[in-house]
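The values are calculated or read from the model by the stated rules, or taken from the named source; none is laboratory data. Everything quoted here is computed from the prediction, not taken from an experiment. Quick reminder, even Gly has a Cβ in these numbers, built from the backbone with ideal geometry, and neighbours come from all protein chains shown. We work out accessible area using only protein heavy atoms, side chains counted, and drop any ligands, DNA or RNA first. Shrake-Rupley method; radii C 1.70, N 1.55, O 1.52, S 1.80 Å.
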Amino acid sequence: QVQLVDSGGGLVQPGGSLRLSCAASGSIFSIYTMGWYRQAPGKQRELVADITGGGSTNYADSVKGRFTISRDNAKNTINLQMNSLKPEDTAVYYCNARILSINFWGQGTQVTVSS
């Protein structure tokens with residue numbers, strides 16, 4: 001069992017930056033692939049980026065070159081640095097922990113990109 005608490009969302013102007021954080025507890029953190037998903041109104045939840053316990057990363061094409069995911073296995077945290085934000089990045093962002101077919105989710109944090 002893993003408990004996830006995500007934070008760091010807010011309102012930012014187009015071109016701005018935000019940093020999301022997720023704190024995990026309750027299990028051996030390093031064995032999980034950790035990631036960020038997002039869900040915009042009326043749309044399905046989609047993968048933004050994920051990172052394995054060994055540090056291999058994967059990004060959605062729409063965020064490549066703008067977002068960076070990182071993890072600290074000693075502190076049981078992951079972060080998502082989001083730069084050059086666009087209005088289409090507006091969504092609720094969810095932290096995710098995955099092992100095999102088992103998923104755990106954070107409560108979500110709202111990111112709004114608007115002038």
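Structure data summary
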quantity	calculated
Pick from segment 21-41, criterion in a loop (DSSP other than H, G, I, E, B) and at pLDDT below 95, ranking: least open to solvent (accessible area, probe 1.4 Å)	Tyr32
Residue within segment 53-67 that is of a type in the set (A, V, I, L, M) and open to solvent by 30 Å² or more (accessible area, probe 1.4 Å) present	no
Some residue of segment 85-92 being modelled with pLDDT under 95 and open to solvent by 50 Å² or more (accessible area, probe 1.4 Å)	no
Residue that is surrounded by the fewest Cβ atoms within 10 Å (Cβ to Cβ) [pool: residues in segment 73-84 that are more than 10 Å from the chain's Cα centre (by Cα) and without any contact (Cβ under 8 Å) to a residue 60 or more places away in the chain]	Ala74
Among residues of segment 93-107, those that are surrounded by fewer than 17 Cβ atoms within 10 Å (Cβ to Cβ) and either out of contact with any helix residue (DSSP H, G or I) (no Cβ under 8 Å at 6 or more places or on another chain) or under 11 Å from Gly9 (Cα atoms) (or both), counted	7
